[in-house]
Every structure is written in C-alpha cells, then in structure tokens.
Amino acid sequence: MLGIEQARDLVLESVVKKDSEVVDITSSLNRILACDLYSDIDLPTFNNSAMDGYAVISSELKGASFDQPISLEVIGEIPAGYTYSGILMNGKAIKIMTGAPIPQGADAVVPIEYTKAEGALIKVFRGVKDKENIRYKGEDLAHGKLVLKKGKKLSPADIGMLAAQNLRTISVSKLPSVSILATGDEVVDVGEELSPGKIRDINSYTLYANVIKYGGIPISLGIAKDNKDAIIRSIENGLNSDILVISGGVSVGDYDFVKEVLIEKGVSIKFWKVAIKPGKPILFGVKGNTLVFGLPGNPISTLVTFREFVLPAMCKMQGRVDNPVREQYAVLERDIAITPGRRHYFMGNICYRDGSYFTKPVGIQSSGALNSMLQSNCLIVVPEDTPQVKSGEQVLVQLLDE
C-alpha cells in the first residue's frame, strides 16, 4: 500500500498547469498571480509629510521647549493634493497636511500638537531632527523592485498595491473546473424524503464549498445511483473537467462500480488505497489532462482525502506557491493510541493558552461523525509508525482554516 507522500507525488506529477487570463483587479481577490510584478514607480512618488504640522528647517529649532519656544513666520499652507512653488527660508514655516509634498528648503515637519498659532506666527515647543516626519520618495518601494511574486494568492493588500501601480487588470491563472459526483442508492439530495435506510448527500455540498474556498469552479453532477449505466453517464460528463471528484463507490462492495467504469472509459488508474485513516480506499487516475479522484463516502474521509490529495493538485494546477494547509505543533492533552501502519487523522480542537498551543481530540472519532467535524478546528496527525502519543507530548496538527 502506498504511503501518503508517494501517492501525493503521483498526483502532482500528473498535473498540467492551467493557462493564464487577464481579469480586472476588482475580480482578482484570492486568484493566483501568473507573473512576477515589478514596480514601475517609486512609492511614495514624492517626498511628503507623515503628519499634520509645519514644514521647517530643523537647525532653527534647536533648544525649542515649552519654557523657551521658538517663533517662526507662517508663509503658506500645503493641503494634501497640492504643491508649494516657493522656497522655505530661515525664520519661516509652512503649514502642511499629512501626505502633502515637502516644499523646497524644508528638511523636517514639526507636529501641530507641539505648536501654537499666534496670528501670522507660530510658537514651536519642541525641536525636530533632520528628515523627521518626512516620508521620502521610494522609501517604501523603489522603482524596478519586485512587488509580487508569481504564484502568490492575491490578498486585499495586494490588490491595493496593484492599484498603486496604476494597473486596471492583472494576469492570473485560470481557475480549474472541478466536477463533483456523489454515488449510491442510499444517498438522497437536499429536499428529498429521508426514508429508512437513506442518508443525506453531505459530501457534494462540502466538496462544492471547498472547491470555491480554494480557488476552483465547482460543477455538480448530482447523485448517480448504484447501476453501471448511471455511473457511466455521469463519469462521461465529469471527464470534460480539469478534475473529477467522485464521492463513494470506490470500496469493494458488490455495487461499487466506479473503478470498473473509470477503466472502461480510458482512465489510467495510478493508485487505489493509501496508508491513511480515514480514507484508505482513495483512488486516483488520469485521462488526458483530467485528474480523477475517487474519495471514500464517509464525510470525514472525504474531508481528509480532499485536503491531502485534491487540494495540492488544485494549487499546482494554478501555480500557487504557498501551502494553504497550515501546520502547527501543539501539546496533546489526551492520550491517543493507534494501530501502526497508517497515518491517522483525528478531528480535534486547538487553542493557545499560557504561551503554548494545546490540542485534544473531540467528539466521536468515526469517519462518518459529522458533528465531530463541526466541533473541530484542526486535524491531529499521528504518524504511521507511532502506536501511541501520550498527554503532554508534542503532536502535529493541521489547522482547518487558512
């Protein structure tokens, strides 16, 4: 049976990167940047005041104090968005607003709270150093410097920087299309009667939400019942997408036709079964550029295998360079024992307390325990060769949110 890293490598080796497209920056949030971006400008673009006050010559204010203020004549005012054409001379000051250009001759700004206006004069109660309270051209970002790296997920701050670069549009990776298919006679959709022996389709909706969350275009193929013809029709539709994710039908039951149909439809099966719990029966195959994942039908199995295998494929397909799965070591607060041989994932809760992170399993540790998933904010990871982790020991956890 393959280990998780071996299986994931097979997935990533099969990924074909998506092309790029140009979008308006207002539509680029959480998209993946398709090229390095270098600055065409200096930021700030001119020397400007860091606060409201008076532009001054700093050497004239040495020794200024509340007991011995220094008086200067105010010869003008510079609001933000305007300039001053004259030159500041000795004995003078110019009132200036935050963000306004520093006038020629000035080398500092004294904050307004250290001054008092008296007609055409101000009294200054504190000296300032050369360059104090001035934001200099290019000190934040110099022309020609790398601003954003290819493969970055664009944040609100990044979009602000794009605007600062006077960019209306930006090149990003196209989103992968992800078809989602649930299987099983026992599965019924939202709104349908839940008669004895039936279960609600949970996985289609959690997968749909996860695809949106991590940057994909979800396509719902509905529920295929446990007959070969229905599964064939649905899989044929799903193979038109970049990724096909099938929930259920990959185990060894008499009515689990998914693997058989995939092979008939020309899908090359790369692996079936991985040393992971929950999620052992996961299947992965490829047809052309389409990646096909058969995930086990229990909700927590679906969550774990999506994060370990489908999500890395989505990220690589878009050229994303960071890992959206954040990991953290924490102190375990309850003993965990496993049967060695498979890496185990436990639904858990992590908190920060007294300078350290602590974690413990929550709820029923069953692959079908939906409420345990709701109570959890992390997955506790126990290595396949570790039969027991005791309370007080460090353990690796995966946070369930980016």
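A residue that is among the polar types (S, T, N, Q) and touching a Ser or Thr at 6+ places or on another chain (Cβ under 8 Å) occurs nowhere in segment 139-157. Only a single item in (1) crowded, with 22+ Cβ neighbours inside 10 Å; (2) in contact with a Phe, Trp or Tyr (Cβ under 6 Å, 6 or more places away or on another chain) is not met by Lys228, and it is number (1).
Consider segment 195-238. How many of its residues are of a type outside the set (Phe, Trp, Tyr), assigned to a loop (DSSP other than H, G, I, E, B) and under 20 Å from Ala313 (Cα atoms)? Count: 2.
Applying a threshold of 7 Å to beta carbon distances and a minimum spacing of six or more residues, or different chains, the list of pairs starting in segment 71-100 at a residue that is closer than 11 Å to Ala55 by Cα and ending at one that is of a type in the set (Ser, Thr, Tyr) and not in a strand (DSSP E or B) reads Gly76/Tyr84; Ile78/Tyr84; Ile94/Tyr84; Ala100/Tyr82. The single condition among (1) touching a Pro at 6+ places or on another chain (Cβ under 8 Å); (2) more than 30 Å from Val321 (Cα to Cα) that Glu139 does not meet is (2). Is it the case that segment 263-271 has a residue that's within 25 Å of Gly215 (Cβ to Cβ), crowded, with 17+ Cβ neighbours inside 10 Å and not assigned by TED's automatic domain parsing to the domain that holds Val389? Yes, segment 263-271 contains a residue that is within 25 Å of Gly215 (Cβ to Cβ), crowded, with 17+ Cβ neighbours inside 10 Å and not assigned by TED's automatic domain parsing to the domain that holds Val389. Looking across segment 370-402, the residues that are touching a strand residue (DSSP E or B) at 6+ places or on another chain (Cβ under 9 Å), touching a residue at least 60 places away in the same chain (Cβ under 8 Å) and not acidic (Asp, Glu) come down to Ser372, Met373, Leu379, Gly392, Gln394, Val395, Leu396, Val397, Gln398, Leu399.
For the condition closer than 30 Å to Phe284 by Cβ and surrounded by fewer than 20 Cβ atoms within 10 Å (Cβ to Cβ), what is the one hit in Asp36, Asp42, Asp9? Break it down stepwise before answering.
Details: Asp36 fails: closer than 30 Å to Phe284 by Cβ; Asp42 fails: closer than 30 Å to Phe284 by Cβ.
Testing whether each residue is closer than 30 Å to Phe284 by Cβ and surrounded by fewer than 20 Cβ atoms within 10 Å (Cβ to Cβ) leaves just Asp9.
Are any of the residues in segment 258-269 closer than 19 Å to Val304 by Cβ and modelled with pLDDT of 95 or more? Within segment 258-269, none of the residues are closer than 19 Å to Val304 by Cβ and modelled with pLDDT of 95 or more.
The values are calculated or read from the model by the stated rules, or taken from the named source; none is laboratory data. Because the structure is a prediction, the values reported are computed rather than measured. Neighbour counts run over all protein chains shown; Cβ positions are idealised from the backbone, glycine included.
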